[in-house]
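Structure record follows, encoded as structure tokens.
The values are calculated or read from the model by the stated rules, or taken from the named source; none is laboratory data. As the structure is a computational prediction, the values presented were derived from the model and not from experiment. Virtual Cβ from ideal backbone geometry, glycine too; neighbours counted across all protein chains shown.
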Amino acid sequence: MVSAALRRFLYGLAIVAVLPLIASMAVAQDPGKGDYLRNIELCNGSGRTSFAARIDGCTALIDSGQARTAAVAIAYNNRGNAHAAKGDLDRAIEDYDQSIRLDPAYAKPFSNRGAAYLRKGDYDRALRSLDEAIGLNPNYGGAFANRAGAYLKKGEYDRAAQDFDEAIRLQPNLEAAWSGRCWARAVVGALQAALGDCDRALQSRPDDAAAHDSRGLIHLKMDQYGAAIADFNSALRFDPKLASALYGRGLARLKNGDAAGGDADILAAKTIQAGIMDDFTRYGVRGIN
């Protein structure tokens, strides 16, 4: 089992995808219907389009028989993204499969399918799909970030950090990659570098509980217990049931001489996530005997 902060981070990866515009390539013949372009807008998720409306718009395009093959592949991918955002991962994967069948050179559905498998806990399938996405487009920062997430789930933190390096090089504004690399570096012990990543992530997303939690782990491993407590407090302000932040704060409190507060936090963390102590052992942090 991984920490709640890591699960939160991976959920963000699962919907990392820019919905491509398809209006310029959609029409094989004049559809003769005024709502055709509207369906394209819905399928692209223009504005604050609801997920249900996106699904309906994509379905209308797919069923119309009037869109080019490449456009239908994009519509399947976009509908898969909407299903994934709603949490319907099986239907999302079905749509990504259809998109890939129609356009095997289209990298996005491979990456998105990998992210969906990642959320389902099927890490090997996730990695295979993400490898294919990167093979098709070696400059696809989101695919590297998604693959890094798969390596995190498998506990291969060095490989995760390498993929986050590449994701950040290719797409420096991909905020999830900064937060994810912070976590990976914190676990492997590259603490100063990890601290810089967390600070960078929090500059743009100060309410990111996972980044505050990761920075708390860094300070805990640096034996800076006051700073660790402050970071875990911030994480818990945004996510009160974040087990890793509760456990980390508990350890920091114990090592800072607050036995009652530390024991209470650790008990609360174990109630939320029974295996949290084993997780921290894998992160290189042991409790107080």
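A compact table of results
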quantity: Any pair with Cβ under 6 angstrom, 6 or more apart, that starts in the stretch 222-244 at a residue that is within 16 Å of ASP199 (Cα to Cα) and touching a residue at least 40 places away in the same chain (Cβ under 8 Å) and ends at one that is among the aliphatic types (A, V, I, L, M) and assigned to a helix (DSSP H, G or I); calculated: ALA235/ALA209; ALA235/ALA245
quantity: Answer from ARG54, ARG91, ARG101 - the residue that is surrounded by 23 or more Cβ atoms within 10 Å (Cβ to Cβ) and at pLDDT 90 or above; calculated: ARG54
quantity: Selected residue (only one of TYR123, TYR96 is within 22 Å of ALA143 (Cβ to Cβ), surrounded by fewer than 24 Cβ atoms within 10 Å (Cβ to Cβ) and among the aromatic types (Phe, Trp, Tyr)); calculated: TYR123
quantity: Residue within the stretch 257-269 that is under 29 Å from ARG159 (Cα atoms), modelled with pLDDT of 95 or more, of a type in the set (Gly, Ala, Ser) and surrounded by fewer than 20 Cβ atoms within 10 Å (Cβ to Cβ) present; calculated: no
quantity: Cross-chain or 6+ apart pairs with Cβ under 6 Å, the stretch 182-204 first and β-branched (Val, Ile, Thr), then surrounded by 15 or more Cβ atoms within 10 Å (Cβ to Cβ); calculated: VAL187/TYR157; VAL187/TYR283; VAL188/TYR157
quantity: Close pairs from the stretch 134-159: first of a type in the set (Val, Ile, Thr), partner outside any loop (DSSP other than H, G, I, E, B), Cβ under 7 Å, at least 6 apart; calculated: ILE134/ALA143; ILE134/PHE144; ILE134/ARG147
quantity: Boolean, ARG147 is at pLDDT 95 or above and buried (at least 24 other Cβ atoms within 10 Å of the Cβ); calculated: yes
quantity: Verdict on ASN44 being within 20 Å of ASN146 (Cα to Cα) and either at pLDDT 90 or above or surrounded by fewer than 24 Cβ atoms within 10 Å (Cβ to Cβ) (or both); calculated: no
quantity: Any hit, the stretch 221-228, residues being surrounded by 24 or more Cβ atoms within 10 Å (Cβ to Cβ) and either in contact with a strand residue (DSSP E or B) (Cβ under 9 Å, 6 or more places away or on another chain) or within 14 Å of CYS182 (Cα to Cα) (or both); calculated: no
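This table checks each residue for (1) within 23 Å of ALA161 (Cα to Cα); (2) under 18 Å from the mean Cα position of the chain (by Cα).
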{"residue": "ASP197", "(1), (2)": "yes, yes"}
{"residue": "PRO206", "(1), (2)": "yes, yes"}
{"residue": "ILE229", "(1), (2)": "no, no"}
{"residue": "ARG237", "(1), (2)": "no, no"}
{"residue": "ALA243", "(1), (2)": "no, no"}
{"residue": "GLY248", "(1), (2)": "yes, no"}
{"residue": "ILE266", "(1), (2)": "no, no"}
